[in-house]
Amino acid sequence: MDTLNEALKAYQTLLRKDYCLKLGTVSQEVMQIVFFFLPEHFIHLSGICKLADLADIANTRSKKNLYQRLMSGDISYTYLKSSSFFCEINQRLNDLILLPGLLENLRSGKVIIRFNPAIAGTRINADFLIYKKEIELIYHLFLKEHGGNRFVPISFFSRSSPKFLMRQTKLRILDVKVVDRS
């Protein structure tokens, strides 16, 4: 199985679920948030939208339609690799394969960040950042409010630098519930 299909398979496991988090300090619950994934989010999270030199990507008006074409095999990994911009997304595709494991790890009471883009010096306009530190990398999943304390992912990538974690407000994950929406 190629990297694209592995990433799609991993992403499929995240769909039709609500991830409900209680956040706070050790002694006090501060808030609850719910986040979820939609098929069309895959295009941005994987970086496929950056492959602007590929007609099938650049000319697609619907991210949901593009996702369906990737799932059906109509757009292949070989085709994506033909882009001169592929080097910009290759790591993101590999990272997406690990995303279900990152979310499974939320149960261990990890920290979530109430994200402030100005402090981080970034244009990523997110409200929260879920992260996981590995040996040499930090995986970042940025969430943006989608209305009524419901959030959607807007970016996911790995970096070796802790730039996005520094001087941010950190909250503990007190409880996690994953609810199927099937």
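Please treat every number below as a calculation from the coordinates, not as lab data. None of the values given here were measured: they were computed from a predicted structure. No Cβ is skipped: glycine too gets one built from the backbone with ideal geometry, and neighbour counts run over all protein chains shown.
Assorted remarks:
- Each Lys and Arg adds +1 at its Cβ and each Asp and Glu adds -1 at its Cβ; summed about the Cα centre, the chain shows a dipole of about 500 debye.
- Extending 7 Å from Cα along the Cβ direction at S161 and again at L137 yields two label points whose distance is 1.8 nm.
- Net lengthening on full extension, V152/K177 (0.36 nm per residue, minus Cα-Cα): 7.4 nm
- Highest average packing first - 163-176, 85-98, Cβ atoms within 10 Å: 85-98, 163-176
- Cβ-based exposure ranking for E40, E136, in which fewest neighbours within 10 Å come first: E136, E40
- With the convex hull constructed from alpha-carbon coordinates only, the chain shows a mean projected area of 11.1 nm² over all directions.
- Taking a ≥ b ≥ c as the square roots of the Cα gyration tensor eigenvalues, the stretch 64-103 comes out oblate, since a/c reaches at least 1.5 and a/b does not exceed b/c.
- Centroid-to-centroid separation of the stretch 1-15 and the stretch 103-182 [C-alpha atoms, Å]: 21 Å
- Spin-label pair R123/Q91, simplified geometry with 7 Å Cα→Cβ offset, distance in nm: 1.9 nm
- Spatially proximal aspartates and glutamates relative to K133 (Cα-Cα < 17 Å; intrachain offsets below 8 disregarded): D95, E104
- Kyte-Doolittle mean at least -1.0 and Cα axial length at least 20 Å: DSSP H helices in the chain: 90-104
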